[in-house]
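As structure tokens, the structure follows; a few thoughts come after it.
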Amino acid sequence: MVDVVQVFTYGVVKVAARTGGDVSDQLCPGERIRVFWATYRRTADGGATLYRSQVRWLDRAQPRWTMTLSLPGACGDSWYVVAGNAGIPQTLKPGVVPFGGGKLNWETGGTC
């Protein structure tokens, strides 16, 4: 399980792995959890194209990640912080919110 320990603040999001209440609150040796962020730039048709992304694996030695998202800085930008094995699409169709239940923190861009 991955928790957001600091929601999006000036482009920074912090996440941490946890084992669901165990006192040691550590992942087992060899256990890894894939986490990533992806940012998108709005297209003229209301969809979006991938701007930047980064993937990391949380494990027992590195159970936390302070990520700095790179945003295009335009109206309608969207961003997602995700845990799991979802692919990172290069494009999003208008109205599509990707990544299903793996989303931990996100902003869909809203209207301009």
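The values are calculated or read from the model by the stated rules, or taken from the named source; none is laboratory data. In this text, all values refer to a predicted model and were calculated from it rather than measured experimentally. Here the Cβ positions follow ideal geometry from the backbone for every residue, glycine too, while neighbour counts run over all protein chains shown. For accessibility, only protein heavy atoms count, side chains too; no ligands or nucleic acids. Shrake-Rupley method; radii C 1.70, N 1.55, O 1.52, S 1.80 Å.
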Quiz item: Within the range 30-47, which residues are in a strand (DSSP E or B), under 14 Å from GLY73 (Cα atoms) and either among the basic types (Lys, Arg) or at pLDDT below 95 (or both)?
Solution: ARG41, ARG42
Exercise. Pick out the one residue from GLY100, GLY109, GLY47, GLY76 that is on the phi > 0 side of the Ramachandran plot and in contact (Cβ under 8 Å) with a residue 40 or more places away in the chain.
Key: GLY109
Self-check item: Matching residues in the range 68-81 - criterion: being of a type outside the set (Val, Ile, Thr), in contact with a strand residue (DSSP E or B) (Cβ under 8 Å, 6 or more places away or on another chain) and open to solvent by 50 Å² or more (accessible area, probe 1.4 Å)
Solution: LEU71, ALA74, CYS75
Exercise. Kindly indicate whether any position in the range 38-54 is among the acidic types (Asp, Glu) and surrounded by fewer than 16 Cβ atoms within 10 Å (Cβ to Cβ).
Key: yes
Practice problem: Restricting attention to the range 37-71, report how many residues are over 16 Å from the mean Cα position of the chain (by Cα) and over 12 Å from PRO94 (Cα atoms). | Solution: 4
Practice problem: Output the residue which, of all residues in the range 82-112 that are assigned to a strand (DSSP E or B) and among the polar types (S, T, N, Q), is least open to solvent (accessible area, probe 1.4 Å). | Solution: ASN105
Exercise. Could you check, for the range 57-67, whether at least one of its residues is open to solvent by 40 Å² or more (accessible area, probe 1.4 Å), at pLDDT below 90 and hydrophobic (A, V, I, L, M, F, W, C)?
Key: no
